[in-house]
Structures are given as C-alpha cells and as structure tokens.
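Report on the structure given below.
Read-outs: derived from the displayed coordinates by stated rules, not from any lab. It should be emphasised that the depicted structure is a prediction, and the values quoted were computed from it without experimental measurement. All Cβ positions, even for glycine, are placed from backbone atoms using ideal geometry, and neighbour counts span all protein chains on display.
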Amino acid sequence: MWDRVREENGMLINATPQVPLDVPDSGFVAEIDAFVEAILQGKPSPVPGEQALITQRILDGIYASGQAEKEVEV
C-alpha cells in the first residue's frame with residue numbers, strides 16, 4: 001500500500017515513507033508533550049496564543065513584502 005515508485009529527473013526512485021526508529025526525540029516532541037500535558041492538567045499553554053499571533057503577523061508581513069517587492073511595516 002505504501003510502496004511508491006516515481007520518476008524524478010529521469011530516474012525511478014523509491015518514495016516509500018520511512019520512519020527512522022533510532023533518532024532521538026526532537027524539540028518538537030517535547031513541545032507537543034508540554035502542550036498536551038497543559039491541556040490534560042488544565043494548566044496554561046506553554047506557548048501563549050498571543051505569541052502565535054505575533055508570529056503570524058510577522059509571517060504575513062514576510063509574504064506581503066515579497067508580493068510588494070519591498071519592505072513593509074508590520
């Protein structure tokens with residue numbers, strides 16, 4: 001079902017998803033665990049919603065700057 005072979009740059013490649021089992025946990029795993037723990041224990045989120053809003057405004061500014069081909073104020 002997951003075996004995928006496709007052509008890329010004139011060559012057949014195996015595009016079957018691989019899950020490495022020997023990779024140590026990344027920071028993302030710790031962040032997700034902290035978020036789930038906060039929800040389950042009724043604690044505040046480790047990353048407040050306000051921080052996500054600030055990050056999104058910055059990302060929106062980056063895209064707007066790219067479209068305008070100049071700096072834009074965020």
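Remarks
- Residue count for segment 62-74, restricted to those that are surrounded by 10 or more Cβ atoms within 10 Å (Cβ to Cβ) and either charged (D, E, K, R) or assigned to a loop (DSSP other than H, G, I, E, B) (or both): 2
- Positions within segment 26-61 being assigned to a helix (DSSP H, G or I) and over 29 Å from V74 (Cα atoms), in sequence order: V29, A30, D33, A34, V36, E37, A38, I39, L40, Q41
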